[in-house]
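Report on the structure given below.
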Amino acid sequence: MEKIASYVNKGRTIKELIYNAAGEFPQRYAFRFKEDGEIKGRTFTELIENIEAFGTGMILRGYDDCRIGIIGENSFPWFLTFLSAVCGGNIAVPFDKGLTETELETCVARSGIKVLFYDKRFQNVVDHIKAQHGDKVEFICMAGEGSLSQTIMEEGRNALDAGENRYLSKKVSEEDTAVFLFTSGTTSDSKIVMLSHHNIASNIRDMLEMEIFFPTDVNMAFLPFHHSFGLVGCLVFLSSGADNVFCDGLKYVQKNFAEYKVSVFVGVPLLVENLYYKVMKQIEKQGKTKTVNMGLKLSKFLRKVGLDMRRKIFGEIIDKLGGSLRLIISGAASLDPAVSEGLNNFGISTIQGYGLTETSPVLTAERPWAVSPGSVGTPMNSVKIRIEEKDENGIGEIVAKGPNVMQGYYNQPEETAKAIVDGWFYTGDLGRIDSKGNLIITGRKKNVIVLKNGKNVFPEEIEEMIMKLPYVSECMMFTREKHNELVLWCEIVYEPALLEDESITREQLAARFAKDLADINDILPKYKHINHFIMSEEPMIKTTTQKVKRRAEVDKIYKQWDDEKCYNTIMK
């Protein structure tokens with residue numbers, strides 16, 4: 001397979017990285033997408049032409065040296081708007097498409113954007129904001145033919161033909177702010193992260209230096225572009241000369257894998273795990289579990305003698321995932337080690353990464369040749385990691401330093417000063433470093449439960465074990481005080497249809513949970529034992545990134561407290 005040329009390491013800004021890739025691979029597809037059911041595409045040459053035409057059109061409209069908002073589903077118009085903005089020296093401000101009208105209105109006001117480009121599916125939301133801020137912000141729909149966005153493109157193209165060169169002559173500096181990204185959380189307490197071209201470009205170069213991406217790759221741009229992982233991920237593949245394609249929807253992922261011959265997929269653990277379990281269920285239904293197990297034994301034996309035949313032995317499984325998938329990158333949460341091991345055993349390299357919006361985003365990543373299930377790999381080349389205030393197990397706060405650390409939080413100098421001390425960014429995450437230099441995440445600092453005896457309980461550690469139980473769709477650890485001691489409780493959410501499907505009562509299900517939780521207690525130190533639990537059919541309160549809002553969920557639990565719905569764990 002063709003390797004990435006060293007030219008990609010020279011790009012010091014997003015603009016340089018994209019233009020360098022276009023110069024090296026002018027006729028390769030940069031993007032492919034569907035229009036009216038037909039697959040269409042843009043080569044790198046066409047992408048640059050589109051960027052320059054759209055960027056010139058923006059200047060003609062007065063969108064110059066300003067903040068440009070974008071909201072919508074992942075699409076070519078979305079990314080074209082982003083690239084046209086940042087390659088012209090503007091600051092792009094992506095908004096979460098899951099926000100309510102009121103939340104988006106707050107974010108628009110806080111960000112100080114001049115114009116908002118939006119997907120036509122958000123017309124109603126935009127109309128609401130327009131009524132409140134129409135005198136301060138302009139609104140442009142990113143639809144196709146006949147849209148104002150298309151008109152801007154045509155105006156720019158005509159102006160370029162007539163000799164207009166203001167956009168073409170724009171100088172973009174490494175230290176220029178490229179993007180404002182909102183951290184997760186409520187709109188009132190979320191922060192606006194300022195990332196420079198230097199921040200993002202350095203992280204892209206670090207990822208390319210891993211030499212695991214190729215110009216012949218096809219990447220499915222699935223993760224939302226308003227998140228750093230999705231946005232920078234797509235920029236990485238563009239910088240490597242790879243093709244980027246779009247998914248028709250969650251239920252069409254496997255179909256699109258085959259249609260586009262997707263070779264690389266970047267996703268969150270929940271999606272990666274669902275893909276794996278779906279394939280394994282198909283194997284079980286076909287009565288081929290025994291055959292697969294025999295194949296695993298054969299494959300492991302052959303690898304010991306230097307023969308890697310995984311993709312041949314498990315070709316049928318790879319075909320279920322489109323036939324070309326070779327690499328899966330998981331991030332944003334912990335991936336089940338069994339899933340990582342299973343996919344790697346089938347010949348699909350599956351690695352995990354770790355990072356935050358504030359770090360552009362990647363701090364550490366596994367390498368395909370050094371996978372360590374349960375860890376998030378080693379630091380990127382230009383990143384330093386240390387653990388502060390370690391406990392007796394070597395666990396402490398993860399602190400990072402590197403060129404990818406943000407410029408700061410917009411309009412929040414005090415918060416910036418708390419987060420970055422002498423160039424070191426305090427992540428708020430807890431972890432330890434193993435003997436091989438791999439980082440292992442143990443939880444969030446703010447989530448740690450400190451018992452009256454001074455012992456620390458990391459809820460994520462126990463929750464990960466509970467989530468492996470059958471029938472559990474969500475869970476969360478919390479505490480209640482009893483006899484002046486903090487007692488560990490667990491909330492378990494199950495699907496309402498479960499009782500009917502399994503022909504059992506709620507009390508019978510509670511007995512199963514009690515037995516399973518007691519088994520978990522058997523392998524935990526006594527101070528970590530789950531003493532009681534509650535059951536619920538109601539989904540937990542979450543952010544738009546599907547992270548549980550722990551404080552809000554605990555408040556809900558206390559407001560709805562009912563002793564009759566509380567259960568004791570069976571103690572052995």
Would you mention how many residues in region 370-385 are part of a loop (DSSP other than H, G, I, E, B) and either of a type in the set (Gly, Ala, Ser) or under 17 Å from Ala332 (Cα atoms) (or both)? 8
Residue by residue through region 150-176, note down the ones that are surrounded by fewer than 15 Cβ atoms within 10 Å (Cβ to Cβ) and among the hydrophobic types (A, V, I, L, M, F, W, C). Ala162, Leu168
Filter region 150-185 down to the residues that are of a type in the set (A, V, I, L, M) and touching a residue at least 12 places away in the same chain (Cβ under 8 Å) and list them by number. Ile152, Met153, Ala159, Leu160, Leu168, Val172, Ala178, Val179, Leu181
Take Asn199 and decide whether it is surrounded by fewer than 20 Cβ atoms within 10 Å (Cβ to Cβ) and modelled with pLDDT of 95 or more. no
If you check every pair at least six apart or on different chains, which have Cβ atoms under 7 Å apart with a residue in region 515-539 that is of a type in the set (Gly, Ala, Ser) first and a residue that is part of a loop (DSSP other than H, G, I, E, B) and surrounded by 13 or more Cβ atoms within 10 Å (Cβ to Cβ) second? Ala518/Thr569; Ala518/Ile570
Qualifying residue in region 136-148 (condition: modelled with pLDDT under 95 and polar (S, T, N, Q)): yes
Does region 414-434 include one or more residues that are touching a strand residue (DSSP E or B) at 6+ places or on another chain (Cβ under 7 Å), exposed (fewer than 14 other Cβ atoms within 10 Å of the Cβ) and assigned to a strand (DSSP E or B)? no
Being in contact (Cβ under 8 Å) with a residue 60 or more places away in the chain, of a type in the set (A, V, I, L, M, F, W, C), closer than 19 Å to Asn219 by Cβ and surrounded by fewer than 19 Cβ atoms within 10 Å (Cβ to Cβ): is that true of Ala258 here? yes
Those residues that are among the hydroxyl-bearing types (Ser, Thr, Tyr) and surrounded by 20 or more Cβ atoms within 10 Å (Cβ to Cβ), I need them from region 202-222; list them, please. Ser202
From (1) modelled with pLDDT of 95 or more; (2) touching a Ser or Thr at 6+ places or on another chain (Cβ under 9 Å); (3) within 21 Å of Lys191 (Cα to Cα), pick out the condition that doesn't hold for Thr106. (1)
Region 107-144, subset assigned to a helix (DSSP H, G or I) and hydrophobic (A, V, I, L, M, F, W, C), residue farthest from Ser84 (Cα to Cα): Ala131
Filter region 357-370 down to residues that are under 27 Å from Met465 (Cβ atoms) and in contact with a strand residue (DSSP E or B) (Cβ under 6 Å, 6 or more places away or on another chain) and give me whichever is surrounded by the most Cβ atoms within 10 Å (Cβ to Cβ). Leu363
All-but-one check, Thr216 against (1) within 24 Å of Ile71 (Cβ to Cβ); (2) at pLDDT below 95, failing number (1)
Tell me the strands (runs of 3 or more DSSP E) entirely within region 208-295 that contain at least 3 residues that are farther than 21 Å from Asn345 by Cα. 218-220, 243-245
Would you say Thr291 is farther than 30 Å from Ala419 by Cβ, free of Cβ contacts under 8 Å to residues at least 12 places away in the same chain and among the polar types (S, T, N, Q)? yes
Take Val421 and decide whether it is outside the structural domain of Ile385 (by TED's automatic domain parsing) and of a type outside the set (Phe, Trp, Tyr). no
Taking the residues in region 154-190 that are touching a Phe, Trp or Tyr at 6+ places or on another chain (Cβ under 7 Å) and modelled with pLDDT of 95 or more as candidates, determine which candidate is nearest to Ala400 (Cα to Cα). Phe180
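The values are calculated or read from the model by the stated rules, or taken from the named source; none is laboratory data. In this text the structure is predicted, and so the values were computed from the model without any measurement. We place every Cβ from the backbone using ideal geometry, glycine too, and count neighbours over all the protein chains shown.
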